[in-house]
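Encoded as structure tokens, the structure appears first; notes follow it.
The values are calculated or read from the model by the stated rules, or taken from the named source; none is laboratory data. Keep in mind that this is a model prediction, so the values were computed, not measured. Cβ coordinates were reconstructed from backbone atoms using ideal geometry, including for glycine residues, and neighbour counts include every protein chain displayed. Accessible surface areas use protein heavy atoms only, side chains included; no ligands, DNA or RNA. Shrake-Rupley method; radii C 1.70, N 1.55, O 1.52, S 1.80 Å.
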Amino acid sequence: MATEFDVAIAGLGPTGATLANLLGAAGLSVLVLDKEAGVFPLPRAIHFDGEVLRILQSAGLRDEVLAIARPGTQGMHFVNAAGETLLIRGGTAALGPHGCANNYYFHQPELETVLRAGLSRFPKVEVRLNHELLALEQDAHGVRFDLRDRITGNQIQQRARYLVGCDGARSPVRQHMGSALVDLGLRQPWLVFDVVLDEAVDLPTHTVQYCDPARPMTYCNVVGNRRRWEIMVMPGDDREALVRPESLWKLVAPWVRPEQATLERAAIYTFHSVIAEGWRQGRLLLAGDACHQTPPFLGQGMCAGIRDAANLAWKLEAVLTRQAPPELLDTYESERAPHVRSLIELAVRLGDIIQTTDPQLAAQRDARFAAGRPEIFELPPQMLGRGAFDEAAPDSPAGRPFPQPRLPDGRLLDELLGRRSAVIGRADALAAACPATLERWQRAGAIVIDQPAAPLSEWLEAHQARAVILRPDRYIVGIARTGPELDRISQYLPVAP
Ligand SMILES: Cc1cc2nc3c(=O)[nH]c(=O)nc-3n(C[C@H](O)[C@H](O)[C@H](O)COP(=O)(O)OP(=O)(O)OC[C@H]3O[C@@H](n4cnc5c(N)ncnc54)[C@H](O)[C@@H]3O)c2cc1C
């Protein structure tokens, strides 16, 4: 009988690789498989946000990721055909709430390489490339699945207690589960291509969304000498002709000439906006593009998959170590789906602005924005849907990420907290907790920070809270303004029987 892994992960894209790192750091045994031999080479994600860096920090890869990314301090400008700015998504050089910049730019294959290298730190994480997941079947104790070695053609059978499909948009695991995709309305082909500049070229340092009805287009300053154009495929375009180098250079002729840059790759993608219903079925789970796809106008698709991984990792750990019942895994979809759905809907609204190809509608759009131009927006704070946190108080920050300030000793908060739950509160509040609560903190392995100095004390004051409880993924379980509230919200901490 082959080894039974705690978790099998189908797909070693950014979602699967992040999940494998987080589960590996938790000491679980993990089998990760991917049908391909290496990282996906075509141009895809170039932006991630501060929360994603914080998650990768929790996987022990902050410095490695920072070495391949640049902070996005310049924002994104929506410009019409006349060159007028319609809308600005602000950029800032200031540190954001996650203890890092709010936005970063990077090259997806480089990030995936860092994530894969990170796995070698964990002896209980086994990676099998060139291995395709075929059939799978679950029973009361786990999942049995067949793998095909694509080099030798051999088929083998494995078992795991849980299997997570991080197997991308076409997800065979999702198909096996029969989870339907709900279409949120955007489906449009775009040509995407990356160049590497060979000489200095006068290009904007911020991202530009050219809302030109004749040919909507996005220009991005990626990282180092890499630059990206995303160009809407128009009705009547010959797709084969469009990806030929001579067509590509013609499209970007206003900015760059062929002798100034090397064309790296070009591909036509259909941007989708879909979300699956049913992210868990017993011991099978979905994460990343397997359960949602977002048009890249906000640069959030991969970010959402990495957030899934963070949400799922501590819950799988709690269930597998019997600190929590398997039902905790039901809060994964109920928390994450509304969060990702609101970002997809926002991306679709931005897509509507950019993708307007009717000149009359474009003129109306421009006039609408001209009234209050240029409007500046930031991503609204996203909240988890119902789940493993205190939803009792409507004005509570529960269900949102706790900030990651730098502490007086120079450490970032999460460096102190590690992967544990945390109870942070004024000494008098913590001392008033009932004995059962104190025991629960201990059994949950929570770190208790008694009478914290600024900036944590300032956070408590600002929220008129005497204590706050955090989950291992750094989302706020709840705040306590009274002793009984502290006893009540402590019940959310998963504990061993
Ligand atoms: C043009 C473009 C621009 C984008 N820009 C951004 C951006 O700026 N920011 C952002 O956050 N996101 C962006 N995205 C989205 C981002 O690239 C994806 O959301 C992300 O790659 C999804 O990661 P994943 O790990 O969930 O899936 P994938 O990266 O698709 O990985 C799935 C893996 O599963 C493997 N697999 C599939 N089937 C099997 C099987 N049967 N057996 C074994 N392995 C299997 C595949 O080989 C693959 O490696 C962009 C996407 C595009 C197309």
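I'd like to know if segment 78-88 contains one or more residues that are within 16 Å of the ligand (Cβ to nearest atom) and in contact with a strand residue (DSSP E or B) (Cβ under 9 Å, 6 or more places away or on another chain). Checking segment 78-88: not a single residue is within 16 Å of the ligand (Cβ to nearest atom) and in contact with a strand residue (DSSP E or B) (Cβ under 9 Å, 6 or more places away or on another chain).
LEU42 meets each of the listed conditions (1) in contact (Cβ under 8 Å) with a residue 12 or more places away in the chain; (2) more than 20 Å from ARG128 (Cβ to Cβ); (3) more than 12 Å from the ligand (Cβ to nearest atom); (4) surrounded by fewer than 17 Cβ atoms within 10 Å (Cβ to Cβ) apart from (3). A search for C-beta distances below 8 Å between a residue of segment 420-431 that is more than 10 Å from GLN451 (Cα to Cα) and any residue that is open to solvent by less than 10 Å² (accessible area, probe 1.4 Å) and of a type in the set (Lys, Arg), counting only pairs 6+ apart in sequence or on different chains, returns SER421/ARG471.
The residues in segment 279-289 that are farther than 27 Å from GLY72 by Cα, open to solvent by 20 Å² or more (accessible area, probe 1.4 Å) and either touching a Ser or Thr at 6+ places or on another chain (Cβ under 8 Å) or in a strand (DSSP E or B) (or both) can be counted, and the count is 2.
Listed by first and then second residue, the pairs linking a residue in segment 176-199 that is at positive phi to a residue that is of a type outside the set (Asp, Glu) and not in a strand (DSSP E or B), with Cβ atoms under 6 Å apart and 6 or more places separating them unless they lie on different chains, are GLY185/VAL348. Out of ARG341, ARG336, one residue alone is crowded, with 22+ Cβ neighbours inside 10 Å, within 16 Å of the ligand (Cβ to nearest atom) and basic (Lys, Arg). It is ARG336.
For TRP255, state whether it is surrounded by fewer than 19 Cβ atoms within 10 Å (Cβ to Cβ), in contact (Cβ under 8 Å) with a residue 40 or more places away in the chain, more than 24 Å from ASP183 (Cβ to Cβ) and outside the structural domain of ARG170 (by TED's automatic domain parsing). Talk me through it step by step, then tell me what you get.
On the way: surrounded by fewer than 19 Cβ atoms within 10 Å (Cβ to Cβ): yes; in contact (Cβ under 8 Å) with a residue 40 or more places away in the chain: yes; more than 24 Å from ASP183 (Cβ to Cβ): yes; outside the structural domain of ARG170 (by TED's automatic domain parsing): yes.
So TRP255 fits the description; yes.
Residues of segment 382-396 that are closer than 16 Å to ARG488 by Cα and either at pLDDT 80 or above or outside any loop (DSSP other than H, G, I, E, B) (or both): GLY387, ALA388, PHE389, ASP390, GLU391, SER396.
Taken together, ALA467, ALA462 contain a single residue that is open to solvent by 70 Å² or more (accessible area, probe 1.4 Å), small (Gly, Ala, Ser), modelled with pLDDT of 95 or more and more than 26 Å from the chain's Cα centre (by Cα), which is ALA462.
Somewhere in segment 290-311, is a residue open to solvent by 60 Å² or more (accessible area, probe 1.4 Å), of a type in the set (D, E, K, R) and modelled with pLDDT of 90 or more? The answer is no; no qualifying residue exists.
When you look at ALA69, is it within 13 Å of the ligand (Cβ to nearest atom) and either crowded, with 19+ Cβ neighbours inside 10 Å or at pLDDT 95 or above (or both), yes or no? Walk me through it before giving the result.
Details: within 13 Å of the ligand (Cβ to nearest atom): yes; either crowded, with 19+ Cβ neighbours inside 10 Å or at pLDDT 95 or above (or both): yes.
For ALA69, the condition - within 13 Å of the ligand (Cβ to nearest atom) and either crowded, with 19+ Cβ neighbours inside 10 Å or at pLDDT 95 or above (or both) - is met.
The set of residues in segment 200-211 that are assigned to a loop (DSSP other than H, G, I, E, B), in contact with a strand residue (DSSP E or B) (Cβ under 7 Å, 6 or more places away or on another chain) and open to solvent by 50 Å² or more (accessible area, probe 1.4 Å) contains only THR205. Do we have any residue at all in segment 419-438 that's under 29 Å from the mean Cα position of the chain (by Cα), over 22 Å from LYS315 (Cα atoms) and either open to solvent by 40 Å² or more (accessible area, probe 1.4 Å) or modelled with pLDDT of 95 or more (or both)? Checked against the condition, which is being under 29 Å from the mean Cα position of the chain (by Cα), over 22 Å from LYS315 (Cα atoms) and either open to solvent by 40 Å² or more (accessible area, probe 1.4 Å) or modelled with pLDDT of 95 or more (or both), segment 419-438 yields no hits at all.
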